[in-house]
1. Of these, A:Val185, A:Val201, which one is over 26 Å from A:Glu100 (Cβ atoms), in contact (Cβ under 8 Å) with a residue 60 or more places away in the chain and more than 20 Å from the chain's Cα centre (by Cα)?
2. How many residues are crowded, with 21+ Cβ neighbours inside 10 Å and polar (S, T, N, Q) if we restrict to region A:172-224?
3. Is it fair to say B:Cys171 is out of contact with any strand residue (DSSP E or B) (no Cβ under 7 Å at 6 or more places or on another chain) and crowded, with 18+ Cβ neighbours inside 10 Å?
4. Take the residues of region B:199-213 that are part of a loop (DSSP other than H, G, I, E, B) and farther than 14 Å from B:Leu157 by Cα: which is nearest to ligand 2 (Cβ to nearest atom)?
5. Taking A:Val40 and the conditions (1) under 27 Å from A:Leu182 (Cβ atoms); (2) within 14 Å of chain B (Cβ to nearest Cβ); (3) in contact with a Gly (Cβ under 6 Å, 6 or more places away or on another chain), which numbered condition does it fall short on, given that it satisfies the others?
6. Mind checking whether some residue in region B:52-68 is of a type in the set (D, E, K, R), buried (at least 18 other Cβ atoms within 10 Å of the Cβ), within 16 Å of ligand 2 (Cβ to nearest atom) and within 14 Å of another protein chain (Cβ to nearest Cβ)?
7. Tally time: how many residues in region A:59-79 are more than 10 Å from chain B (Cβ to nearest Cβ) and open to solvent by 10 Å² or more (accessible area, probe 1.4 Å)?
8. Would you call A:Glu129 out of contact with any His (no Cβ under 6 Å at 6 or more places or on another chain) and open to solvent by 20 Å² or more (accessible area, probe 1.4 Å)?
Amino acid sequence: MSRTVITLGPRQLGLEEPMYFRVQTEGDRVCGLEVLAGQVHRGMEHLTLKRNFYQNITLLERLCSLCSNSHPSTFCTALEELAGMVIPPRAEYLRAVADEIKRIASHLFNCAVVAHIVGEHTLFRRVMELREIVQQSKETIYGNRMDLAANCIGGVRYDPDAGAIDYLKNQLERLKSPLEELYRVFEDAAVLRAATEGVGVLTREQANEFGVVGPVARAAGIDYDVRKKSPYGAYDRLSFQVAIEGAGDVRARALVRLAEARQAVSLIEQCLDQLPNGPVALASFPEVPAGEVIAKSEAPRGELIYYLKTDGTDLPVRLKWRVPSYPNWAALGEMLKGEPVSRIPLIVNSIDPCISCTDR
Amino acid sequence: MHTCKVPPAPKLRLYRINTGSCNGCDVELAATEALTRFGLERLGLSFTADPTQADLVLITGPLTVRSKGKVLAEYAQVPDPKITVLIGVCPISGGAFRDSYAVLGPLDEFLAADVNIPGCPPRPEAIVAGIAEAARLWRGGEGPQLAPAGFPAPANLRGRMSYRAEACVGCRMCQHVCAGGAIRFEEQEAGVSFTLWHNSCLFCGMCSHYCPTGALTPTGEWNLAHPQAQKYQMVEQGVVPRISCSCCGVPMLPVVPELMRKGYRALTRETAQLQTLCSECRQVRSIGGLQRCTK
Ligand code: SF4
Ligand code: SF4
């Protein structure tokens, strides 16, 4: 059979961000993959060293807009750890609220993209409409639909009053049955099932081998979620079950995300119900001493690790990330092997890749 | 086929280019495209995946060194005349990513921009307003006016930042915390001048959060789309005038009531007097006061 090499760009891949693939094919099947990254390289490591801690909170929120809250919240956690700060309990809960609301929006966006790629345009619009409830809520509570600016060193920058809490609870209520319905559609609808079941499989063994994280790992049966394994912030006081599937295919990944979106609704509700009174941030903060620290969290795409080194000034000496998309990209080659070329966009989007995190 | 009253004008096609964004503007653009409520269709606009078919080009992201070749080649494929819209502060000024070795922006150094839509990211309503402006330009200033669509802006929207020189003490904390490099202070004879450039502002509200006197506040104003000619007029400005110390005459910045209220809990005739004293005279006055008390 003839071997050819084709190059695919963002448009053929169905991506919002510029990423290029060099794909080796045999007939109409994929037999090899090379990811040509770097288009979105903005020199983030270099930039973070030129910005002080305050500026970095805003800059890091722009490392990737879909996981945008996970970055500043994990960065602030790292700084607080170094400075020995204990943030007020109310702030811990409010950080979780911000993280979970972003998780719902992120997962729904991916779910919409998957629907679009399999040709379910009505479903695509429906999911985007549903997502608007979340977008609208973020804009109302935080003041922007994508970048929440919720975090500061020592706590959070927002303090919802009773009215805001009621509003948010109401919005969550509006999400519940459509989210359940959506889960059922991805689980059972014949067209979706046919398009996603058994497609782009990553076995549990392969998942382990590649060290994939987040919904990609959990869809392959790996029980790993930072919120459970090493709870941070308020998560040790919140009850939820790690969403697990076993098939490791496109369908399983979608189902994990939809289960997590539903769970996130419940997590926010728990936060709002348990929300302690008191300040949302420390009134002042001690100097951040010289030191090294690692902080991690469960971003929408999986485990996010921050490494921070300081020297006693308010500029970092080193800031480094292990972003969830990174190991997931590597495993893509396995998922695509033997699949028809026409399925590439679907399988690529099933890992919900983030290029701005990967390239940064 | 559904019929629609407006517009008689021919459909315009939009083509998107991402030059290396954080994807915030792109995800919002995707929502703007997908949802009829934002009203792009009603303006007679639709998206195309073929640059040679496009009339309007929408650009997001700061131009990265790596993406430059592809971006400019793609841009060149869009036939002239075309209208170019820069979405988000990234392509307009470099935004959060300015002065990185890997970023080349602003885009107008490489191509002719027509309309800028500041924001980080701008809300879909703002994106539509900017695109509507671009469509009007394309049609020679004619075309349907923008009908308000989408969601009404919530009360605590982080829109255009507003500055009150009367409340500013010139401490420059805002400049220190600003990741966008949007704030500049300049020492002038008359006083300290403050400039905030909305085309570099990330609308993060850090400046207002850390401002000790409330001189900076976010407004709900979100429609900041403007023609390229106005790019450098999109500023917030003010001068904190220097006064002479009412005791020794040395030039100084007045102590604003907001700060006096913080320091002294309430404003009285005495605190009003202290406001016009330089720090040294204030010290003397306070010590003098103390001596009076212990006499
Ligand atoms: S303007 Fe802001 S939201 Fe838009 S791409 Fe740039 S950093 Fe992201
Ligand atoms: S809101 Fe304030 S701190 Fe944030 S970028 Fe704009 S001027 Fe700078």
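1. Unique residue meeting the criteria: A:Val201.
2. Qualifying residue count for the region: 1.
3. Considered against the rule, which asks whether it is out of contact with any strand residue (DSSP E or B) (no Cβ under 7 Å at 6 or more places or on another chain) and crowded, with 18+ Cβ neighbours inside 10 Å, B:Cys171 comes out as no.
4. Looking at the filtered set, the residue picked out is B:Cys201.
5. If we test A:Val40 against (1) under 27 Å from A:Leu182 (Cβ atoms); (2) within 14 Å of chain B (Cβ to nearest Cβ); (3) in contact with a Gly (Cβ under 6 Å, 6 or more places away or on another chain), just (1) comes out false.
6. Within region B:52-68, none of the residues are of a type in the set (D, E, K, R), buried (at least 18 other Cβ atoms within 10 Å of the Cβ), within 16 Å of ligand 2 (Cβ to nearest atom) and within 14 Å of another protein chain (Cβ to nearest Cβ).
7. 1
8. yes
The values are calculated or read from the model by the stated rules, or taken from the named source; none is laboratory data. Because the structure is a prediction, the values reported are computed rather than measured. When we count neighbours, we look across all protein chains shown, and the Cβ atoms used for this are built from the backbone with ideal geometry, even at glycine. For accessibility, only protein heavy atoms count, side chains too; no ligands or nucleic acids. Shrake-Rupley method; radii C 1.70, N 1.55, O 1.52, S 1.80 Å.
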